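Have a look at the structure below before the remarks.
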Amino acid sequence: MLDLNGGEGNPTNQKKDTNNNKEREIEGEREVAFPSALSASSNSMMNRSSCRPQIDLTGAAIQGNFEERDPSILLPNQSDDISHLALDIGGSLIKLVYFSRHEDHPIDDKRKRSIKNKLGLSNGNSRSYPSLGGQLHFVKFETGKLNDCLDFISTKQLHMGGTDPPSWSSRRSTNENVIIKATGGGAYKFADVLKEKLGVSIDKEDEMDCLVAGANFLLKAIRHEAFTHMEGQKEFVQIDHNDLFPYLLVNIGSGVSMIKVDGDGKFERVSGTNVGGGTYWGLGRLLTKCKSFDELLELSQRGDNSNVDMLVGDIYGGVDYSKIGLSALTIASSFGKTISENKELSDYRPEDISLSLLRMISYNIGQISYLNALRYGLKRIFFGGFFIRGHAYTMDTISFAVHFWSKGQAQAMFLRHEGFLGALGAFMSYEKHGLDDLMVHQLVERFPMGDPCVDGKIDGPPLVDLNEKISWMEKFVQKGIEIIAPVPMAPPPGTTGVGGFERPYSRGGTLRSDASAALNIGVLHLVPTLDVFPLLADPKTYEPNTIDLADRSELEYWFTVLSEHLPDLVDKAVASEGGTDDAQRRGAAFARAFSAHLRRLMEEPAAYGKLGLANLLELREECLREFQFVDAYFSIKQRENEASLAVLPDLLMELDSMAEDARLLALIEGVLAANIFDWGSRACVDLYHKGTIIEIYRMSRKKMHRPWQVDDFDAFNKRMLGSGDKTPQPHKRALLFVDNSGADVVLGMLPLARELLRRGTEVVLVGNSSPALNDVTAMELPEIVAEAAKHCDTLRKAAEAGGLLMDAMVNIQDSSVDNVASVPLMVVVENGCGSPCIDFRQVSSELAAAAKDADLIILEGMGRALHTNFNARFKCDTLKLAMVKNQRLAEKLIKGNIYDCVCRFEPSD
């Protein structure tokens, strides 16, 4: 499982600046793989080599609707295929990075265009060229199984722009003149094989160029890419991409290369060693007869190196050499004990040999890396290459060496995509690929159940469609074989022995090998239409998650909550599709897949990056969508919307009869009371058996006694109504982040929106881009508003002004209750996510643009105001409203009880 690119080779330092690459100047412009890198002037024809395809942007148009989170681009005049694939063919592994586009949904989007015009918005960002949504996939094969890799490429047609909707191009080209980027020794060795089997030509890229380009991209674009690993604990490190350089990149393949990176395309190979992964594998094979690299690592887990290594205590009679700071457990000589014993090789346990060998090589790599970092004054050292492969013991050993020799001044860091640096760099070598323009807020990592993988190896052909995926899962569940694609169901048996130079790292539990760690990276969704929310007070310090799942007790509690809710969710999902046999089969597959994810994360919470409750909830929704449950609560939402709209006129009449100050309090009480309807809460689901939605709402309203557990209403009331002789200016634009369908939005948020409109405030209703539980989506909101507008002149005029009624025939039943000459507009925008929570580091560009003139934010619901963003600060007035429907959350967050209310008002500074 090793690369060949780390070998020592020529000891002369190799300097490289890709900005001055003569070869590229001669070749001229290369293929465009992503239109998102094009400037406005790039729409003209570009130079290219005679056999290289290009993108024809004539007539290009973005496709999508309110519910389409990742819009694609239609190129009606595109006739050539675009390369999607890059390879890194090493001595032991082939790494693939390939791109697939999102499916097009050509739906009339005149409402969305109207909203942008009403608010004076552009497409939401500064791009003046088409943007392309899609995914980057990461796959690996053993080099010895090259034919399996070629079959994978051929089945998915990756070399021909496969996995994409036919609307991308008007016709498919033949294999003629298709060129694939590749790096690694195999790019030379197997070029003829790829030409023969796939009919493609290989464009060979320099390995060092690719390594550095891949590392730079990951460190700048992926939020939780880098992490430290000490004493079995993984801690993610947020790297400021403006302060990334210089750093030392240590790539551990068969040999080791150490590269000082000073910038994009600016690096120097400063050192290396021929003692690397190949040494470990080669010696291990000779000494233990292991048949694979994985087998050798597995042996090390059950080893005790003190049976082989000579320790300081062996020399000094079991005592420390305290004068120079060495304990009795420090290794004095790797394999040194074997010289003083009259034993043959067969007398030593292979497990002990494997562990001693792993420690010896890892220590030396760590020490040499630190010495080179010291030589150049570098504080950060990033380690990559498939020698590490997420193996906990290896990372601990390297980290200990760097920490020990630097006396804590330097830090070893590792990369989640460590084995794909070269392949990703080769992919980026396509000119105008578009990745350079993508930032961290435009990349979303998701973890679908991937191709079949059993015992760390791909088993069977790649999964082409959902039926194959479900059949595969059923097959292996029936046989009792653990699913480990991409998440192993249970840890392998055994322990890891001891770690560090000494033994102390074995305290408090064991470290586990993670032979499948290469699978613990997801699919990178490229979403150029995501932006950072501009009203965050400090985007650099913003942390959406309120619950810290690093606390093991918290982790276990919330996993239990999600597991207990799973059967009810499956029932709703299956019922939403008529309870058909197909729906039941997909529901069972979803339950197995999500349970596998939970088991994997319970075993290793950091397996998918930094884990928060918002990430867990998002994972659940993505898993539902993966098994084609688009909206599990659709029928429930419709029923609750109808019931709530039926009683809305009476509520509006009641509110209109109140004095101004009493009405504002009643409106906030109404939002809090209506927020009780949440199908994601077990306590609330139990309530539904005790009465109708209206009965429960009225009961909740009667219990709205102040003071609430968090009660800033008086401050909000003062800002809205003023005090004494002071009459405050109304807010210019309010962003209302709505939560649940039914009473929550109809009887809670819409009356509050109506009050703001009456006061001259523009209202932007912000709904989910995709369904999540019974949350209302941006696509559903216009119809709800149109129905509500039948009972309210203010809502009707505001909705008309905002273009929400352009498709609706609205007959006012009683306009006398709301006789106003003119009101501001009300519009709907999507938030860019499909989860009960919201991460303001990644919102839709439409929402980011709408926030430009906003001076009031109202966050409603547990997901948006408590699970996330309870501690977040914004540049404008912010009101956070929620009823707490979880006892543990109530205790931890507000020191209260279930059904307590939160009304937190945070005025702008």
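Run down Phe227, Phe245, Phe217 and say which single residue is in a loop (DSSP other than H, G, I, E, B) and surrounded by 17 or more Cβ atoms within 10 Å (Cβ to Cβ). Walk me through it before giving the result.
On the way: Phe227 fails: in a loop (DSSP other than H, G, I, E, B); Phe217 fails: in a loop (DSSP other than H, G, I, E, B).
Selected residue: Phe245, the only one of Phe227, Phe245, Phe217 that is in a loop (DSSP other than H, G, I, E, B) and surrounded by 17 or more Cβ atoms within 10 Å (Cβ to Cβ).
Out of all the residues in the stretch 831-846, which are at pLDDT below 95 and outside any loop (DSSP other than H, G, I, E, B)?
Selection gives Ser844, Ser845, Glu846.
Restricting to the stretch 672-730, and then to whatever is of a type in the set (Phe, Trp, Tyr) and outside any loop (DSSP other than H, G, I, E, B), can you tell me which residue is modelled with the lowest pLDDT? Give the derivation first.
Keep residues of the stretch 672-730 that are of a type in the set (Phe, Trp, Tyr), which gives 677, 679, 688, 697, 708, 713, 716.
Subset that is outside any loop (DSSP other than H, G, I, E, B): 688, 697, 713, 716.
Working: Tyr688: 50, Tyr697: 75, Phe713: 97, Phe716: 97.
By that ranking, first place goes to Tyr688.
So which residues in the stretch 192-208 are under 15 Å from Gly144 (Cα atoms) and either within 33 Å of the chain's Cα centre (by Cα) or open to solvent by less than 30 Å² (accessible area, probe 1.4 Å) (or both)?
First, the residues of the stretch 192-208 that are under 15 Å from Gly144 (Cα atoms): 193-194.
Within the stretch 192-208, just Leu194 meets the criteria.
Results for (1) at pLDDT 90 or above; (2) assigned to a loop (DSSP other than H, G, I, E, B), shown as yes or no for each residue.
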| residue | (1), (2) |
| --- | --- |
| Ser513 | no, yes |
| Ile521 | no, yes |
| Leu524 | no, no |
| Phe533 | yes, yes |
| Asp538 | yes, yes |
| Tyr542 | yes, yes |
| Asp548 | no, yes |
| Tyr557 | yes, no |
| Thr560 | yes, no |
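Could you list, in sequence order, all residues of the stretch 286-309 that are more than 24 Å from Leu93 (Cβ to Cβ) and of a type outside the set (A, V, I, L, M)?
Filtering the stretch 286-309 for residues more than 24 Å from Leu93 (Cβ to Cβ) gives 302-309.
Correct list: Arg302, Gly303, Asp304, Asn305, Ser306, Asn307, Asp309.
Restrict the check to the stretch 563-580 and report whether at least one residue is buried (at least 16 other Cβ atoms within 10 Å of the Cβ) and within 22 Å of Glu445 (Cα to Cα).
Within the stretch 563-580, not a single residue is buried (at least 16 other Cβ atoms within 10 Å of the Cβ) and within 22 Å of Glu445 (Cα to Cα).
Being open to solvent by 20 Å² or more (accessible area, probe 1.4 Å) and modelled with pLDDT under 50 is the requirement here; does Gly499 meet it?
On the way: open to solvent by 20 Å² or more (accessible area, probe 1.4 Å): no; modelled with pLDDT under 50: yes.
Criteria not met by Gly499.
Need the failing condition index for Ala426 against (1) touching a helix residue (DSSP H, G or I) at 6+ places or on another chain (Cβ under 8 Å); (2) among the aliphatic types (A, V, I, L, M); (3) open to solvent by 10 Å² or more (accessible area, probe 1.4 Å), just the number.
Here Ala426 clears every test but (3).
For the stretch 627-640, indicate whether the set of residues that are closer than 30 Å to Gly390 by Cβ and open to solvent by less than 10 Å² (accessible area, probe 1.4 Å) is non-empty. Spell out how you get there, then give the answer.
First, the residues of the stretch 627-640 that are closer than 30 Å to Gly390 by Cβ: 627.
Filter once more, keeping what is open to solvent by less than 10 Å² (accessible area, probe 1.4 Å): 627.
Looking through the stretch 627-640, at least one residue is closer than 30 Å to Gly390 by Cβ and open to solvent by less than 10 Å² (accessible area, probe 1.4 Å).
Can you say whether Leu601 is in contact with a Pro (Cβ under 6 Å, 6 or more places away or on another chain) and part of a helix (DSSP H, G or I), as far as the supplied structure shows?
no
Checking the condition small (Gly, Ala, Ser) and touching a Gly at 6+ places or on another chain (Cβ under 7 Å), which residue from Ala882, Ala872, Ala854 passes? Before the answer, list the steps.
Working: Ala872 fails: touching a Gly at 6+ places or on another chain (Cβ under 7 Å); Ala854 fails: touching a Gly at 6+ places or on another chain (Cβ under 7 Å).
From the options Ala882, Ala872, Ala854, the qualifying one is Ala882.
Identify all residues within the stretch 338-370 that are crowded, with 18+ Cβ neighbours inside 10 Å and touching a Leu at 6+ places or on another chain (Cβ under 8 Å); write none if there are none.
The answer is Pro350, Glu351, Ile353, Ser354, Leu355, Leu357, Leu358, Ser369.
If you check Lys234 against the conditions, is it surrounded by fewer than 24 Cβ atoms within 10 Å (Cβ to Cβ), free of Cβ contacts under 8 Å to residues at least 60 places away in the same chain and in contact with a Ser or Thr (Cβ under 8 Å, 6 or more places away or on another chain)? Walk me through how you get there before you give the answer.
On the way: surrounded by fewer than 24 Cβ atoms within 10 Å (Cβ to Cβ): yes; free of Cβ contacts under 8 Å to residues at least 60 places away in the same chain: no; in contact with a Ser or Thr (Cβ under 8 Å, 6 or more places away or on another chain): yes.
Judged against the criteria, Lys234 is not a match.
Given the conditions (1) open to solvent by less than 10 Å² (accessible area, probe 1.4 Å); (2) of a type in the set (A, V, I, L, M, F, W, C); (3) not in a loop (DSSP other than H, G, I, E, B), which single one is not true for Ala772?
Looking at each condition in turn, Ala772 falls short on (3).
Take the conditions assigned to a strand (DSSP E or B) and either in contact with a Cys (Cβ under 7 Å, 6 or more places away or on another chain) or open to solvent by 10 Å² or more (accessible area, probe 1.4 Å) (or both) and apply them to Leu859. Does it pass?
Numbers: assigned to a strand (DSSP E or B): yes; either in contact with a Cys (Cβ under 7 Å, 6 or more places away or on another chain) or open to solvent by 10 Å² or more (accessible area, probe 1.4 Å) (or both): no.
Spelling it out, it is not the case that Leu859 is assigned to a strand (DSSP E or B) and either in contact with a Cys (Cβ under 7 Å, 6 or more places away or on another chain) or open to solvent by 10 Å² or more (accessible area, probe 1.4 Å) (or both).
So, Lys260, is that one within 31 Å of the chain's Cα centre (by Cα) and not hydrophobic (A, V, I, L, M, F, W, C) or not?
Yes, satisfied.
Quick check: is even one residue across the stretch 409-418 over 30 Å from Glu298 (Cβ atoms) and either part of a loop (DSSP other than H, G, I, E, B) or not basic (Lys, Arg) (or both)? Working first, answer last.
Start the filter on the stretch 409-418 by keeping residues that are over 30 Å from Glu298 (Cβ atoms), which leaves 409-410.
After this cut, where a residue has to be either part of a loop (DSSP other than H, G, I, E, B) or not basic (Lys, Arg) (or both) as well, the list is 409-410.
Yes, the stretch 409-418 contains at least one residue that is over 30 Å from Glu298 (Cβ atoms) and either part of a loop (DSSP other than H, G, I, E, B) or not basic (Lys, Arg) (or both).
Taking the condition of being under 30 Å from Ala392 (Cα atoms) and either surrounded by 20 or more Cβ atoms within 10 Å (Cβ to Cβ) or more than 15 Å from the chain's Cα centre (by Cα) (or both), how many residues in the stretch 527-548 meet it? Talk me through it step by step, then tell me what you get.
To start, the set of residues in the stretch 527-548 that are under 30 Å from Ala392 (Cα atoms) comprises 540-548.
Okay, now just the ones that are also either surrounded by 20 or more Cβ atoms within 10 Å (Cβ to Cβ) or more than 15 Å from the chain's Cα centre (by Cα) (or both), so 540-542, 544-548.
Within the stretch 527-548, residues that are under 30 Å from Ala392 (Cα atoms) and either surrounded by 20 or more Cβ atoms within 10 Å (Cβ to Cβ) or more than 15 Å from the chain's Cα centre (by Cα) (or both) number 8.
Can you tell which of Gly276, Gly325, Gly263 is modelled with pLDDT of 90 or more and within 18 Å of Gln367 (Cβ to Cβ)?
Values: Gly325 fails: modelled with pLDDT of 90 or more; Gly263 fails: within 18 Å of Gln367 (Cβ to Cβ).
Just one listed residue meets the conditions, Gly276.
So which of Thr279, Thr288 is in contact with a Pro (Cβ under 6 Å, 6 or more places away or on another chain), surrounded by fewer than 23 Cβ atoms within 10 Å (Cβ to Cβ) and of a type in the set (Val, Ile, Thr)?
On the way: Thr279 fails: in contact with a Pro (Cβ under 6 Å, 6 or more places away or on another chain).
Just one listed residue meets the conditions, Thr288.
Would you mind stating whether Arg888 is in a strand (DSSP E or B), touching a residue at least 40 places away in the same chain (Cβ under 8 Å), more than 17 Å from Ser835 (Cβ to Cβ) and open to solvent by 10 Å² or more (accessible area, probe 1.4 Å)? Before the answer, list the steps.
Details: in a strand (DSSP E or B): no; touching a residue at least 40 places away in the same chain (Cβ under 8 Å): yes; more than 17 Å from Ser835 (Cβ to Cβ): yes; open to solvent by 10 Å² or more (accessible area, probe 1.4 Å): yes.
The answer is no for Arg888.
Residue-by-condition table, conditions (1) of a type in the set (D, E, K, R); (2) touching a residue at least 60 places away in the same chain (Cβ under 8 Å):
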{"site": "Leu530", "(1), (2)": "no, yes"}
{"site": "Glu543", "(1), (2)": "yes, yes"}
{"site": "Arg552", "(1), (2)": "yes, no"}
{"site": "Leu569", "(1), (2)": "no, yes"}
{"site": "Thr580", "(1), (2)": "no, no"}
{"site": "Leu611", "(1), (2)": "no, yes"}
{"site": "Ala614", "(1), (2)": "no, yes"}
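Gln584: assigned to a loop (DSSP other than H, G, I, E, B) and more than 29 Å from Ala865 (Cβ to Cβ), yes or no? Outline the logic, then answer.
Details: assigned to a loop (DSSP other than H, G, I, E, B): no; more than 29 Å from Ala865 (Cβ to Cβ): yes.
Considered against the rule, which asks whether it is assigned to a loop (DSSP other than H, G, I, E, B) and more than 29 Å from Ala865 (Cβ to Cβ), Gln584 comes out as no.
Would you confirm, using the coordinates I've provided, whether Glu298 is more than 26 Å from Leu374 (Cβ to Cβ), open to solvent by 10 Å² or more (accessible area, probe 1.4 Å) and touching a residue at least 60 places away in the same chain (Cβ under 8 Å)? Quick ask: steps written out before the conclusion?
Values: more than 26 Å from Leu374 (Cβ to Cβ): yes; open to solvent by 10 Å² or more (accessible area, probe 1.4 Å): yes; touching a residue at least 60 places away in the same chain (Cβ under 8 Å): yes.
It is true that Glu298 is more than 26 Å from Leu374 (Cβ to Cβ), open to solvent by 10 Å² or more (accessible area, probe 1.4 Å) and touching a residue at least 60 places away in the same chain (Cβ under 8 Å).
For the list (1) closer than 23 Å to Leu211 by Cβ; (2) open to solvent by less than 50 Å² (accessible area, probe 1.4 Å); (3) in a helix (DSSP H, G or I), I need the number of the one condition that Arg389 fails.
For Arg389, the failing item is (3).
Filter the stretch 255-276 for residues that are out of contact with any strand residue (DSSP E or B) (no Cβ under 6 Å at 6 or more places or on another chain) and farther than 18 Å from Gly214 by Cβ; which is surrounded by the fewest Cβ atoms within 10 Å (Cβ to Cβ)?
Looking at residues that are out of contact with any strand residue (DSSP E or B) (no Cβ under 6 Å at 6 or more places or on another chain) and farther than 18 Å from Gly214 by Cβ, I get Asn274.
The values are calculated or read from the model by the stated rules, or taken from the named source; none is laboratory data. Since we're looking at a predicted model, the values are computed, not measured. All Cβ positions, glycine included, derive from the backbone under ideal geometry; neighbour counts span all protein chains shown. For accessibility, only protein heavy atoms count, side chains too; no ligands or nucleic acids. Shrake-Rupley method; radii C 1.70, N 1.55, O 1.52, S 1.80 Å.
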